[in-house]
1. Hey, with R₀ at 25 Å, roughly what FRET efficiency would Val35 and Thr79 work out to, going by the Cβ-Cβ distance, to 0.05?
2. Compute the long axis of helix 89-105 from its Cα atoms, compare it with the longest principal axis of the Cα atoms of the chain, and write down the angle in degrees, 0 to 90, nearest 10.
3. Using the Cα gyration tensor of the chain, with a ≥ b ≥ c the square roots of its eigenvalues, what is the shape: rounded (a/c below 1.5), prolate (a/b larger than b/c) or oblate (neither)?
4. Given the rule -39500 (n - 2.57) for each run of at least 4 DSSP H residues, summed and divided by the residues of the chain, what is its mean residue ellipticity at 222 nm, to the nearest 500 deg cm²/dmol?
5. Expressed as an acute angle from 0 to 90° and rounded to the nearest 10, what is the orientation of the C-alpha long axis of helix 2-24 relative to the principal long axis of the chain?
6. Can you give me the angle between helix 60-81 and the longest principal axis of the chain, using Cα atoms only, in degrees from 0 to 90, rounded to the nearest 10?
7. What is the packing order of peptides 22-28, 67-73, taking the mean over residues of other C-beta atoms within 10 Å and listing the highest first?
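Please treat every number below as a calculation from the coordinates, not as lab data. Here the structure is a predicted model, which means the values were calculated and not measured. Cβ atoms come from the backbone with ideal geometry, glycine included; neighbour counts cover every protein chain shown.
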Amino acid sequence: MLIKFVLIGIGMALGDVLMKSWANQQYSLQGSGLVFLLGALVTYSTSLTYYGLQLRSTNFSVATILPIVINILIVLLLTISYYHEPLSIKQLIGGFLGLCAVVLLS
């Protein structure tokens, strides 16, 4: 069960990265900007559809929390390592508490 929601969280994070790349292109609808936008929309749609299918066999509260926390953790790591954007102590503590939530729910 956990691996399915990790994959959904990764898909959501990939959509976030593609959307950030599109935003960095000044919201261009030509060339690579369009590729980033369409990639983000396809990735979000695929992840959301797979998430919907998983709701049939999983507790709703667990199914909602796990992918979101996985997404947040991946985005936090990318924010620090790739985008070099500053994070506050409060944001880092939130990421740690999210990780604790994943451990407790799995």
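1. It comes out at approximately 0.65.
2. 50
3. Details: a/c = 3.40, a/b = 1.27, b/c = 2.67.
Verdict is oblate for the chain.
4. After summing the helix terms and dividing by residue count, I get -28000 deg cm²/dmol.
5. That works out to roughly 20 degrees.
6. So the helix axis and the longest Cα principal axis differ by about 50 degrees.
7. On the way: 22-28: 13.9, 67-73: 20.6.
Ranked from most to least packed, the peptides come out as 67-73, 22-28.
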